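Participant: Below is one structure. I have some questions about it.
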Amino acid sequence: MKITYCSTKTEKELVQIVRLQQENLYRNVSNEEKLAEGFLTVEHTLQLLDQMGKVCSHTIAKDEQGNLAGYALSMHPSFKDEIDVLKPLFEVLDPLIASEEKYMLMGQICVSKNHRKQGVFRGLYAHMKKHLQQKYDTIITEIDALNTRSMQAHKAVGFEEMVRYTANKQEWVVVRMQL
């Protein structure tokens, strides 16, 4: 199946992201699926996705029928106070970033169940990297330490661990990929 990668342009695409996000939130997947396939922690509103996308568009993957196969959200650091669960990340991250370093936070990545194990994860990051490398030095994200599937996938595409920290009784792993 042919997958195409592009940046978000329409509200319909953002609505599809919200729908896929809801299907894969921690509270909406079984324990078996969490271990085997991973899960999402952060829930975004359509309005926030739109605001974030106006600063830096999100990356999406579509199949031949135009269905959303996956997404990678771009979250500029200027949104650091918009999502409560991410505030501790910035408290840990800000002192570690050199003042001249320009980074984009990959706010969340998700591949639909029908499109997993087909290279979509790699494709999303390849498109995101190509799109961002002219303006940014690094892509940074954090992963719930219990999400071993996500940890392995990020390492496989070139992310390296920066730091671990605990917030809200969860261990988080902050990783980066140089552009």
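Participant: Got the relative contact order for the chain handy, in percent, Cα pairs under 8 Å and 6 or more residues apart?
Facilitator: Values: 282 pairs, mean separation 37.8, N = 179.
Over the chain, the number comes to 21 percent.
Participant: Determine the dipole magnitude for the chain: charges of +1 sit on the beta-carbon of Lys and Arg, -1 on that of Asp and Glu, nothing else is charged, the reference point is the Cα centre, and the result goes in debye to the nearest 20.
Facilitator: 600
Participant: Further, regarding this structure: List the extent of the Cα atoms of the stretch 93-162 along each of their three principal axes, largest first, rounded to whole Å.
Facilitator: The Cα atoms of the stretch 93-162 stretch 41, 29, 17 Å along their principal axes.
Participant: Can you pick out the pairs among Lys87/Lys135; Lys80/Lys155; Lys87/Lys155; Lys9/Lys113; Lys2/Lys155; Lys34/Lys102 whose Cα atoms lie more than 28 Å from each other?
Facilitator: As for pairs spanning more than 28 Å Cα to Cα, those are Lys34/Lys102.
Participant: So what's the Cα pair-distance distribution over the chain, bin width 5 Å, in %?
Facilitator: 1, 8, 18, 22, 23, 18, 7, 2, 0
Participant: I want to verify a result. In a Gaussian network model of the chain, Cα cutoff 10 Å, which of these has the top mean-square fluctuation: Met104, Met162, Met128?
Facilitator: Met162
Participant: P(r) of the stretch 46-98 in 5 Å steps, Cα pairs, percent per bin?
Facilitator: 4, 17, 20, 20, 17, 10, 6, 3, 1
Participant: So which GluC sites (Glu not before Pro) in the stretch 1-72 are both in a DSSP loop and have at most 10 other Cβ atoms within 10 Å of their Cβ? Could you put the intermediate results ahead of the total?
Facilitator: Numbers: sites: Glu11, Glu13, Glu23, Glu32, Glu33, Glu37, Glu43, Glu64; in loops: Glu43, Glu64.
For GluC sites (Glu not before Pro) across the stretch 1-72 that sit outside H, G, I, E and B with at most 10 neighbouring Cβ atoms in 10 Å, the list reads Glu64.
Participant: Might you work out the accessible area of Thr8 for me, using a 1.4 Å probe with all protein chains in place, and round it to the nearest 10 Å²?
Facilitator: For Thr8, solvent-accessible area is about 20 Å².
Participant: Separate question: At each listed q (0.18, 0.24 Å⁻¹), what is the log10 of I(q)/I(0) that the Debye formula gives for the stretch 1-72 modelled as equal alpha-carbon point scatterers?
Facilitator: Normalising to I(0) and taking log10 leaves -0.75, -1.09.
Participant: Shifting gears a bit: What accessible area per residue, rounded to a whole number of Å², is obtained for the chain using a probe radius of 1.4 Å? Let's see the in-between values first.
Facilitator: Working: 9300 Å² over 179 residues.
I get 52 Å² per residue for the chain.
The values are calculated or read from the model by the stated rules, or taken from the named source; none is laboratory data. If you're wondering where the values come from, they're calculated on a predicted model, not measured in any experiment. Using ideal geometry, Cβ is built from the backbone for each residue, glycine included, and neighbour counts are taken over all protein chains shown. Just so you know, the surface numbers come from the protein's heavy atoms only, side chains and all, with ligands and any DNA or RNA stripped out. Shrake-Rupley method; radii C 1.70, N 1.55, O 1.52, S 1.80 Å.
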